Number of protein chains: 8
Amino acid sequence: MELNVYLAGQIHDDWRQELRETAEKQELPLRFFGPMENHSRSDNIGEEILGSQHDAVQKDDAASDFNNLRTQILMQKSDVVIALFGEKYKQWNTAMDAGAAAAMGKPLILIRPEDLHHPTKELANKANVVVETKEQALQALSYVFETQ
Amino acid sequence: MELNVYLAGQIHDDWRQELRETAEKQELPLRFFGPMENHSRSDNIGEEILGSQHDAVQKDDAASDFNNLRTQILMQKSDVVIALFGEKYKQWNTAMDAGAAAAMGKPLILIRPEDLHHPTKELANKANVVVETKEQALQALSYVFETQ
Amino acid sequence: MELNVYLAGQIHDDWRQELRETAEKQELPLRFFGPMENHSRSDNIGEEILGSQHDAVQKDDAASDFNNLRTQILMQKSDVVIALFGEKYKQWNTAMDAGAAAAMGKPLILIRPEDLHHPTKELANKANVVVETKEQALQALSYVFETQ
Amino acid sequence: MELNVYLAGQIHDDWRQELRETAEKQELPLRFFGPMENHSRSDNIGEEILGSQHDAVQKDDAASDFNNLRTQILMQKSDVVIALFGEKYKQWNTAMDAGAAAAMGKPLILIRPEDLHHPTKELANKANVVVETKEQALQALSYVFETQ
Amino acid sequence: MELNVYLAGQIHDDWRQELRETAEKQELPLRFFGPMENHSRSDNIGEEILGSQHDAVQKDDAASDFNNLRTQILMQKSDVVIALFGEKYKQWNTAMDAGAAAAMGKPLILIRPEDLHHPTKELANKANVVVETKEQALQALSYVFETQ
Amino acid sequence: MELNVYLAGQIHDDWRQELRETAEKQELPLRFFGPMENHSRSDNIGEEILGSQHDAVQKDDAASDFNNLRTQILMQKSDVVIALFGEKYKQWNTAMDAGAAAAMGKPLILIRPEDLHHPTKELANKANVVVETKEQALQALSYVFETQ
Amino acid sequence: MELNVYLAGQIHDDWRQELRETAEKQELPLRFFGPMENHSRSDNIGEEILGSQHDAVQKDDAASDFNNLRTQILMQKSDVVIALFGEKYKQWNTAMDAGAAAAMGKPLILIRPEDLHHPTKELANKANVVVETKEQALQALSYVFETQ
Amino acid sequence: MELNVYLAGQIHDDWRQELRETAEKQELPLRFFGPMENHSRSDNIGEEILGSQHDAVQKDDAASDFNNLRTQILMQKSDVVIALFGEKYKQWNTAMDAGAAAAMGKPLILIRPEDLHHPTKELANKANVVVETKEQALQALSYVFETQ
């Protein structure tokens, strides 16, 4: 058995790459999906495909079309969702994706620093599991495959 | 026909009360639901019912149980969801509720100041309608009932 | 028992009004929903609520937000959908609504002139019932209530 | 990961073949499904299997049975739907399939010439993405697989 | 609380009328739905609404459209389904409706004479309850309302 | 707004009656459903309706038909489920009903003495809310209606 | 692409074997499922696994448990259902399975001799396709894979 | 075809290992999933991943997060669920999982000693099949693959 894992969260640093490398080292049978990790490309994808837009609002409208198409396809293909929160950025997409995952019946792992316990408390309650590090999230998935 | 409307968003000011009063003046057949609007009670509801908890994390865990019970019951009863974003606060519950509403097939109206167009762009794309004011959100619902 | 009926179809003439009056004369326990029947208001609703848009495409984008919000709310409230086709207009919304109704498990009545049998053949196949007149559609609904 | 893509739209020219060839050149991991592309066979499939029918209406009834069986099986197998509109033909099946796809939660890409923005406005609103060319539709799907 | 009950079964005698009268005498809060009980009207409803058809097969096709429209609307409105089998008639609609009810998650009561235990064994296994008489079926529903 | 509440749990004492009386005193807009509370009647309902059975196993089979019919109808009608555990009895039906409620998306309140925290830990995790007394469960429901 | 096909119908002759052989000769990518085709084993499977039962009714109860377990597992695995009716036998399981398939959204092919058009008329209306022979049913499935 | 089978039940002895070995000897195409079978690890998994907790209740809360994540992922991957009851232990998780499986439409096999017929009667009624031994459960699954 192999599990498909959607990695929801900010796209400003390489946390997904780190997580994937750790999973690979541990030889976990996981296949990872997620949003476009190149931030400027994520912002520009609308104009890249559709050409120049009227203004910044329209540019964002166009980009979000392609980003949400991607998320919808990949989240529907996933067996479990990991959502990572941190101190920086608004992270509204992360919260939106976490809310959607729970409503779709997808098992949900929340990674957040303990400091954020108050603003994530309802998100934490919707998640199956709340951890503080990427390594713990992988431990949770590794546990699914272990029998001893 | 009467519509049940869930009002997702922050609970730090009285925007829901304003919206309800406007709707009443316009005699719109709407019944509004939402989270506990008394902020400190929302934070303390866990200890209010279960008694004192070990620490702040446990207190939050306890509170979120009751807040999410409330949200799940009321959102399932709703025909449409309005989610309001503003400049202040983290608003992760708002994003989580909006994501859940869309995944549940509930029609979704997003209210946000135009300044926030960039961080709300994927949320905007999931919403049926994006407006900037509470009055516009009510216009959208009023339009559902009008025939001329 | 009362049934909610969504009336999908073009908004260029008053076929819905005729149908409603006939139903009322026959005292059928039906409650009718449908799109905004004032055509120019349907086209302008985006600018009416959101203000002037960049161009005709954006104006249409804005209008369709409010029109689809209305359709989604009302079709979810309906027990049965009537879709009317005629010789004039593109009627793509009618076909889209009929396809959506069938996919949502809503019973579907198709009204179309026999001349249109070829281009509506797959739509006809998805419908529970295909008739040629509004009166026949109401006969079909009346039959649901009759026991003799 | 490989995606199954249903190609809804008219069957009077070879647009699907062009799209498939472009996808193959780009080595995109896509598997395409769609309606019978041989138009006269699509019209005659009822009589081909069931024998001669009473009249043109019955012939169409018979054909639509087999065409809709095909569409239902293949759309249920698909991860994403592309619907193409053009200037010619009624294209009611395209609109019906697009409406069904959205109601089934299938991600939807709409291809239409900009000239058609007005009559496709509600369809465009239901789609995840609206583009003007087949190449753009494939760019959208390619974007789903890219990480940089 | 009132329950809606769909009465699936043959339409050649007045078993539904007897059941309704018994329920009324017992003042059970039940609202009964079912197929058209006038057998010849059920067979002729297609031609009654659509006019004369080519042959007996087409006449049946036309009638079944209206009969299934009725069944789909009313079964979706029902909280529980009673399916009655007897020694006479093919009763394929009864079996079809029972199969559909179970697949839709509708609670199912099967009434059949004990002699029919062998051919109804898989139907019996799908039903919540198997009884031999209409009175027993009503006892089962009465039990739902009782607390002592 | 009124909420329907299913009360899952043992039927050996009158905890439901106490809970209903408390709710009534507090004028909470709740309508309560649950299993047959007369224990011996619950055990005998199969033979009461169907007559004497072969042996104790068959008697139980017959009774469970009617008990599960009742539970399925009433749980489908409910907006929220309360499941009560205590020190006595096997309470497998309570656990089964709680598992079913969560899988059906019904909000779930678990009442259990703290002493039982270990054997109920996975049940507790599935519940929205875990409390120790009936009064706390009603506080949780009261909170759903309060705005201050 | 390969399709899983559930073959509903009587188990008194070898029609499934004939159909499978024809499909194999035509090299159709179909995998067939169906009920136990050894009739006496189907009747005895309850006693074979559970041992001797009290009487014929109990024996049937026991057998139907295992037969319905099999049908539920295999129908959930199927992409399309073929239901065959003939002149002989009660065929209530066939009608039940056809009703269930339609309610589960499984595409449905009905095979029945034209003589049976009257008693199968509502079943025919629920099916996507109605044919008279096994060869025609396979033509319908072959058509799903053809592009010319 | 291969079936995924979730083995719900206590984790105090090696019944799953015995069942897996029997299935292997019989070369049944079954893939087994289940909870962590190392009982103390199942109890400690929360502290193993999250570190030391405040008290025994919190330790259990933490463990149940990971155990339910595992169960939800694996049960969603399963085609059929086997639930085993015995004389010892509370077995509330077994009952909870069985209730969830039935509510999710997963076919369910119940293994229980005949002595337990009374307390398992409603569980038995929800199951497709009730047997007394692991060997009988495997016979039931073997029967799904047999054609003679």
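Can you tell me which of (1) in contact with a Leu (Cβ under 7 Å, 6 or more places away or on another chain); (2) free of Cβ contacts under 8 Å to residues at least 40 places away in the same chain is the one F:ARG41 doesn't meet?
(1)
In the stretch B:104-121, which residues are outside any loop (DSSP other than H, G, I, E, B) and surrounded by fewer than 22 Cβ atoms within 10 Å (Cβ to Cβ)?
Across the stretch B:104-121, the qualifying residues are B:GLU114, B:ASP115, B:LEU116.
Checking the conditions here, which among G:LEU108, G:LEU123, G:LEU141 is farther than 17 Å from G:LEU30 by Cα and not polar (S, T, N, Q)?
G:LEU123
Go through the stretch G:103-138 and report how many residues are closer than 17 Å to G:LEU74 by Cβ and within 7 Å of chain E (Cβ to nearest Cβ).
2
Could you tell me which of the residues G:ALA8, G:ALA63 is more than 15 Å from G:ILE111 (Cα to Cα), buried (at least 24 other Cβ atoms within 10 Å of the Cβ) and aliphatic (A, V, I, L, M)?
Within the list G:ALA8, G:ALA63, the selection yields G:ALA63.
Could you grab me the full set of residues in the stretch B:122-131 that are over 25 Å from A:GLY105 (Cβ atoms) and in a loop (DSSP other than H, G, I, E, B)?
Passing the criteria: none in range.
For the stretch A:37-49, how many residues are part of a helix (DSSP H, G or I) and either under 24 Å from A:ARG20 (Cα atoms) or more than 7 Å from every other protein chain (Cβ to nearest Cβ) (or both)?
9
So, of the residues in the stretch E:122-144 that are polar (S, T, N, Q) and over 16 Å from the mean Cα position of the chain (by Cα), which turns out to be surrounded by the fewest Cβ atoms within 10 Å (Cβ to Cβ)?
Only one residue tops the list, namely E:SER142.
Can you report the number of residues in the stretch H:89-102 which are assigned to a helix (DSSP H, G or I) and more than 7 Å from chain F (Cβ to nearest Cβ)?
Number satisfying all stated conditions: 2.
Give the number of residues within the stretch F:86-108 that are in contact (Cβ under 8 Å) with a residue 24 or more places away in the chain and either of a type in the set (D, E, K, R) or closer than 20 Å to H:ALA102 by Cα (or both).
Residues in the stretch F:86-108 being in contact (Cβ under 8 Å) with a residue 24 or more places away in the chain and either of a type in the set (D, E, K, R) or closer than 20 Å to H:ALA102 by Cα (or both): 16 in total.
Yes or no: G:GLU114 touching a Pro at 6+ places or on another chain (Cβ under 8 Å) and without any contact (Cβ under 8 Å) to a residue 60 or more places away in the chain?
no
Are there any pairs with C-beta distances below 6 angstrom linking a residue in the stretch B:54-80 that is closer than 15 Å to A:LEU123 by Cα and at the interface with chain A (Cβ under 7 Å from one of its Cβ atoms) to a residue that is assigned to a helix (DSSP H, G or I) and among the β-branched types (Val, Ile, Thr), with the two at least 6 apart or on different chains, and if so which?
Between residues of the stretch B:54-80 that are closer than 15 Å to A:LEU123 by Cα and at the interface with chain A (Cβ under 7 Å from one of its Cβ atoms) and residues that are assigned to a helix (DSSP H, G or I) and among the β-branched types (Val, Ile, Thr), the close pairs are B:ALA63/B:ILE45.
Give the residue that is farthest from D:ALA137 (Cα to Cα), with candidates limited to residues of the stretch D:68-104 that are out of contact with any helix residue (DSSP H, G or I) (no Cβ under 6 Å at 6 or more places or on another chain) and polar (S, T, N, Q).
So the residue we want is D:GLN72.
Is it fair to say E:ARG31 is away from chain G (no Cβ under 14 Å), assigned to a helix (DSSP H, G or I) and of a type in the set (Lys, Arg)?
no
Within the stretch G:76-84, does at least one residue satisfy the condition of being assigned to a helix (DSSP H, G or I) and either at pLDDT 95 or above or farther than 30 Å from F:ALA56 by Cα (or both)?
Among the residues of the stretch G:76-84, at least one is assigned to a helix (DSSP H, G or I) and either at pLDDT 95 or above or farther than 30 Å from F:ALA56 by Cα (or both), which makes the answer yes.
Please work out which residue is nearest to H:ASN125 (Cα to Cα), limiting yourself to the stretch F:14-30 and to residues that are surrounded by 14 or more Cβ atoms within 10 Å (Cβ to Cβ) and free of Cβ contacts under 8 Å to residues at least 40 places away in the same chain.
F:ARG16
Do the conditions hold for F:SER52, that is, is it surrounded by fewer than 20 Cβ atoms within 10 Å (Cβ to Cβ) and in a loop (DSSP other than H, G, I, E, B)?
In short, yes.
The values are calculated or read from the model by the stated rules, or taken from the named source; none is laboratory data. Computed from a prediction, not measured in an experiment: that's the story for all the values here. No Cβ is skipped: glycine too gets one built from the backbone with ideal geometry, and neighbour counts run over all protein chains shown.
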